[in-house]
Amino acid sequence: MPNLLDGVRVVESAVLLNGDTVGMLLGDLGADVIKVESPPVGDYLRYFLGQIVPGVSVPHAQVNRNKRSVLLNLSDDSDRETFWRLIDTADIFVDGNRPGVCEKLGVGPDAMRARKPSLVYVQHTGFGAVGPYANIPTHGMLMNALVGAHAVRRGEDGLLERGSFEQDGANMGGEATSVGALHAALHAVAALYRARQTGLGAYIDVAGSDATAMTAWIALALQRNDHRITDRSGMATRSDGEMKGSRYQFYETADGRIALFGCIEQRFWDKWAAAAGREDLVGRQADTSNGSVDWGDDVERHLVAEVIATKTLDEWLALAAEHGFALGAAHQSIEEVAADPHIAGRNVFVEGEHPVAGPISYVGSAAIVDGEPFVVRRHAPAPGEHTEEVLAELAGDRG
């Protein structure tokens, strides 16, 4: 993969997922990411969410790839001076700690930018560094919940539980952490561009909860402005929060798999009908009796279900690609996702080798740059694995 950030140095201070993920994204793009860890344990994500071997968890191996690790105790004067020398060589500092932690150590955004005005200081926390909830510790679900992303229901035992069902695949949570990191990395790179032009750095405060809201902007903007809408044509028919129309719906295929049918535009409907050999359905208009123009009715939903059930999912996908109508796979397990030829072709999962844990599967990059496949350049480091190497580089820089 091209090293788009080749020559950019990132210093990261983070434990757990929020800050670690920002560093991963920048490291994946080619930046030299140096992870500063506190002795003796360092980032305890190594021991969180299960371990492949002692000290190597799947999340740590994923989000700390393409980084180097140094152990520095910032309460020690000598180590703090080494830290400052490291900051002198940095372009971006990633703060994944709770608000106020770096300030207490004397290395907060004001102190860092006073020493190096061009430094881009990016902080990614659950609820952000300002606001009434800034000091509340968070995990991923708390960030999602703040912006209404979790439905809650009462179970048969009388206790509350999540309303959505659980399954393998991407429905496992962590969205706030990932999307917050994306916004943090985007803003950090934009700020770096300005710094290269003007010498002026920036302090960037990213909240995972805010990022979740931004990612769901379509739903949130529609809901906030619902009372202002005067013409509801083209909107989905819903009941109990679920779409009930026929033309944007899930259907079972002949081999018992699930397809998501999305032929809400008439041209896509007609292409589908023709490809299915159902010329009698070409030109059929969606029912408009309920005020919706694009989504169909229950009668048509049964009709579509009968047609979709005549072919396997792979057959439908081949027809959709050939004839250009909106239909896709709705995989129901991680095995189905990983076996999908499109997922494989885009290198979504990358197989690697950890020197201690052995074979490991990474989730790769969402972008393909210049047609080159994504690769993992470095395995996630052990605590302080690169301390001597980085110190030697600093000594060389000092001459």
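The values are calculated or read from the model by the stated rules, or taken from the named source; none is laboratory data. Note that the structure is a prediction, hence the values are computed from the model and not measured. Cβ sites come from the backbone with ideal geometry, for glycine too, and all protein chains shown count toward neighbours. Just so you know, the surface numbers come from the protein's heavy atoms only, side chains and all, with ligands and any DNA or RNA stripped out. Shrake-Rupley method; radii C 1.70, N 1.55, O 1.52, S 1.80 Å.
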If the elastic network links every pair of Cα atoms under 10 Å, which of Ala151, Ala176, Ala195 fluctuates the most in the Gaussian network model of the chain?
Ala151
What number, in percent, do you get for the relative contact order of region 254-399 if the mean sequence gap of Cα pairs under 8 Å and at least 6 apart is divided by its residue count?
21 percent
Among the aspartates and glutamates, select those whose C-alpha is under 12 Å from the C-alpha of Lys116, and discard any that sit fewer than 8 residues away in the same chain.
Asp88, Asp91
Order Ser178, Ser246, most accessible first, counting only protein heavy atoms with a 1.4 angstrom probe.
Ser178, Ser246
Mean-position separation - Cα centroids, region 335-399 and region 16-82, in angstrom
14 Å
Calculated FRET efficiency for the pair Leu220/His150, C-beta based, R₀ 22 Å, to 0.05:
0.95
Listed peptides 333-339, 270-276 by packing density, highest first (mean Cβ within 10 Å)
270-276, 333-339
Note down the magnitude of the dipole of the chain about its Cα centre, charges +1 on Lys and Arg C-beta and -1 on Asp and Glu C-beta and zero elsewhere, to the nearest 20 debye.
1060 debye
Run the numbers on the chain and let me know its relative contact order in percent, using alpha-carbon pairs under 8 Å that are six or more apart.
18 percent
Using 0.36 nm times the number of residues separating Glu252 and Val282, minus their current alpha carbon distance, what extension gain do you get?
8.6 nm
State the percentage of accessible surface on the chain attributable to carbon and sulfur atoms; use a 1.4 Å probe and exclude ligands, DNA and RNA.
55 percent
In Å², rounded to a whole number, the accessible area per residue of the chain with probe 1.4 Å is 52 Å²
According to a simple spin-label model (label point 7 Å from Cα along Cα-to-Cβ), what is the distance in nm between Leu200 and Glu353?
5.0 nm
